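Written below as structure tokens is the structure these notes are about.
The values are calculated or read from the model by the stated rules, or taken from the named source; none is laboratory data. The structure presented is a predicted model; accordingly, all values stated were derived computationally and were not measured. Here the Cβ positions follow ideal geometry from the backbone for every residue, glycine too, while neighbour counts run over all protein chains shown.
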Amino acid sequence: MTAVNLSAYLARIGYTGPLDASLETLAALHWQHVNRIPFENLNPLMGQPVSLALRDLEKKLVMQQRGGYCHEHALLFAQVLRQLGFSVRPLLARVLWGQPEDARTAASHLLLCVTLAGEDYLVDTAFGALTGVAPLRLHDTALQLTRHETFRLRTDNDLCTLEALEHGQWRAMYRFALHTAWPADYEMANWYTACHPSSPFVSQLMASRVDGTVRHILHNDRYTRRHADGRIERHLLGSAEAVVALLEAMMDIRLPDRPGLTQRLGDLLRQQLSARLTADARDLNRSFIQATET
């Protein structure tokens, strides 16, 4: 089995603590990972492939100081944990965030189940704006507080649903079964996420990173800072150059092709503006027709 260079990975996440297979070590590694390695979809946005080969993941997320999305984060983190003696298996979840709770979405989100002393923990290092910051007890339905959000798990037969408390309301994030996901399963999900024309990962910019008590969240040119105390700051960047600068400064991403990315983002923002103006004109025309008919 291919091994990760543990020294390089630990330096990348700035971790110098114990390396025993304990819950304390798992929680510390999880926290450092999400603070240092961002969630981002630059490869799909730029029309570039997303390889799940361990050597490629290590090169991209560790050596090149990039980030990635769930499949990349989960598989890299899983291998690190295995080398430290943890029992780990991948799970696939159906994303419900922004969807009706009874939506039948594809099993596309990769997360991990880590077993310690007979107890299972849910470990999720890449769910965009709600990336987990600590392991969650998988079979505990009580509220679970983290340094950022509060979560709970609901179980219905063989299915688990993870919910986050947002603005006083519980919102479903994703639903998953407990059977192990095999490489064929998540390779298929990864291809769809990175390549299918209807995947938002190929048509929109998404990036986020935990920075202590702040989450940096970027969606196209909309930048949000969510504080652990509940405060939210929103900014409209307005230009491709400003977006690129933020990716470097706040997301801490070493950009592979700055000129190419700037051009791609410029095209994206122009398309976004055109769609917005078209929608505004349509609404104005509809209002005018309704006014003349009354």
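Worth a mention:
- Qualifying residue in segment 62-85 (condition: assigned to a helix (DSSP H, G or I), among the small types (Gly, Ala, Ser), touching a strand residue (DSSP E or B) at 6+ places or on another chain (Cβ under 7 Å) and crowded, with 16+ Cβ neighbours inside 10 Å): yes
- Criterion applied to Thr161, Thr155, Thr150 was being of a type in the set (Val, Ile, Thr), surrounded by fewer than 16 Cβ atoms within 10 Å (Cβ to Cβ) and over 21 Å from His216 (Cα atoms), and the one residue passing it is Thr155.
Condition check ((1) on the phi < 0 side of the Ramachandran plot; (2) in contact (Cβ under 8 Å) with a residue 60 or more places away in the chain) across all residues:
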position	(1), (2)
Thr131	yes, yes
Arg137	yes, no
Asn157	no, no
Glu163	yes, no
Ala172	yes, yes
Leu178	yes, yes
Asn190	yes, yes
Val202	yes, yes
Ser208	yes, yes
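- Of all residues making up segment 187-232, the number that are part of a loop (DSSP other than H, G, I, E, B) and hydroxyl-bearing (Ser, Thr, Tyr): 4
- Of the listed requirements (1) out of contact with any helix residue (DSSP H, G or I) (no Cβ under 8 Å at 6 or more places or on another chain); (2) surrounded by fewer than 13 Cβ atoms within 10 Å (Cβ to Cβ); (3) in contact (Cβ under 8 Å) with a residue 40 or more places away in the chain, Gly212 misses just one: (1).
- Here Gly128 passes the criteria (1) of a type outside the set (Ser, Thr, Tyr); (2) surrounded by fewer than 19 Cβ atoms within 10 Å (Cβ to Cβ); (3) at pLDDT below 95 except the one numbered (2).
- For Asp257, the conditions (1) out of contact with any strand residue (DSSP E or B) (no Cβ under 8 Å at 6 or more places or on another chain); (2) surrounded by fewer than 14 Cβ atoms within 10 Å (Cβ to Cβ); (3) modelled with pLDDT of 95 or more; (4) under 30 Å from Trp31 (Cα atoms) are fulfilled apart from (3).
- Scanning segment 2-45 for residues being in a loop (DSSP other than H, G, I, E, B), touching a residue at least 12 places away in the same chain (Cβ under 8 Å) and not small (Gly, Ala, Ser) gives a total of 9.
- None of Thr180, Thr161 is closer than 19 Å to Leu112 by Cα, of a type in the set (Val, Ile, Thr) and touching a Phe, Trp or Tyr at 6+ places or on another chain (Cβ under 9 Å) except Thr161.
- Count of residues meeting criterion [out of contact with any Gly (no Cβ under 6 Å at 6 or more places or on another chain) and either surrounded by 18 or more Cβ atoms within 10 Å (Cβ to Cβ) or assigned to a loop (DSSP other than H, G, I, E, B) (or both)] in segment 233-245: 5
- Positions within segment 103-140 being among the hydroxyl-bearing types (Ser, Thr, Tyr) and closer than 23 Å to Glu187 by Cα, in sequence order: Thr105, Ser108, Thr125, Thr131
- Top-ranked residue in segment 86-129 [being among the acidic types (Asp, Glu), in contact (Cβ under 8 Å) with a residue 12 or more places away in the chain and not in a strand (DSSP E or B); ranked as farthest from Gly68 (Cα to Cα)]: Glu101
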